[in-house]
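Student: Below: one structure in structure tokens.
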Amino acid sequence: MRKIIRVWPLFLLVGVLGLFFLGLQNDPRKLPSTLINNPLPAFSLPTLQNAAKEMDSKNYLGQVWLLNVWASWCVTCRQEHGFLLALEQNKTIPIVGLNYKDDPIAARWWLREMGGDPYQVSVVDRGGKIGIELGVYGVPETFLIDKKGHVIHRFTGALNNGVFQKEFQPLINKAMQE
């Protein structure tokens, strides 16, 4: 009986370490989302450039588009900004920005400072309500929306050409055909 009492902490330690190493095998960018293949939460929010004008999520029905969650206080958003500008210049896919928990004045300044605005429109989610409905863990996050208004992909982190070509382009091509 005493031998069992002496070795059970060792078994507990091995179990905890096993769970830790299993957790390390997961890609933190692959966060589960209950929104995949479900409708994007409906929203009507003021635009960043004109608070008197609102943009409705239904404005893009019939199109395949990206919803990019960003903020001026987000360090990683700086990393993806140049790529988003290139996507916008190439007219690859419409990009809507969701300015998340940010000061609109700081957000407009940030876009000018970063060399331009890659978004067809940016909406202001100052209180984070839509972000919560989207299940946003942090910024940046990008959602691919199909013609029916359903979320077909979610990516957490800075977009770049490699990620876009591997994860988004095949889904965009498929969604464009439907």
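Student: Search the structure for amide H atoms under 5 Å from the amide H of residue 49, placed 1.01 Å from N in the peptide plane, and list their residues when 5 or more places away or on another chain.
Tutor: When sequence neighbours closer than 5 places are left aside, the close amide H contacts are 122.
Student: Then there's this: Size of the dipole of the stretch 33-177 about the Cα centre, Lys and Arg at +1 and Asp and Glu at -1 on the beta carbon, nothing else charged, in debye to 20?
Tutor: Around 220 debye, computed over the stretch 33-177.
Student: Give me the 1.4 Å probe accessible area per residue for the stretch 33-177, excluding ligands and nucleic acids, in Å².
Tutor: The answer is 47 Å² per residue.
Student: Just to be sure I understand: of the beta bridges DSSP finds with both ends in the stretch 33-177, what percent are antiparallel, rounded to 5?
Tutor: Roughly 60 percent of the DSSP beta bridges within the stretch 33-177 come out antiparallel.
Student: In the neighborhood of residue 178, defined by Cβ-to-Cβ distances under 10 Å, what is the net charge if each Lys or Arg adds +1 and each Asp or Glu adds -1?
Tutor: Here the charged neighbours net out to +2.
Student: At 10 °C and 1.306 mPa s, what whole-number value in µm²/s does Stokes-Einstein give for the translational diffusion of the stretch 63-103, with Rh from the Kirkwood sum over Cα pairs?
Tutor: 146
Student: Taking amide H atoms as placed 1.01 Å from N in the peptide plane, list the residues 5 or more away in sequence, or in a different chain, whose amide H sits under 5 Å from that of residue 153.
Tutor: 144
Student: Over the stretch 33-177, what number does the Rg to Rh ratio reach, with both radii from the alpha-carbon atoms and Rh per Kirkwood?
Tutor: Reported Rg/Rh (Cα atoms, Kirkwood Rh): 0.92.
The values are calculated or read from the model by the stated rules, or taken from the named source; none is laboratory data. Small disclaimer: the values here were computed from a predicted structure and weren't measured. Note: ideal-geometry Cβ built from the backbone for every residue, glycine included; neighbour counts use all protein chains shown. Accessible surface is based on the protein model in full, side chains and every heavy atom, while ligands, DNA and RNA are left aside. Shrake-Rupley method; radii C 1.70, N 1.55, O 1.52, S 1.80 Å.
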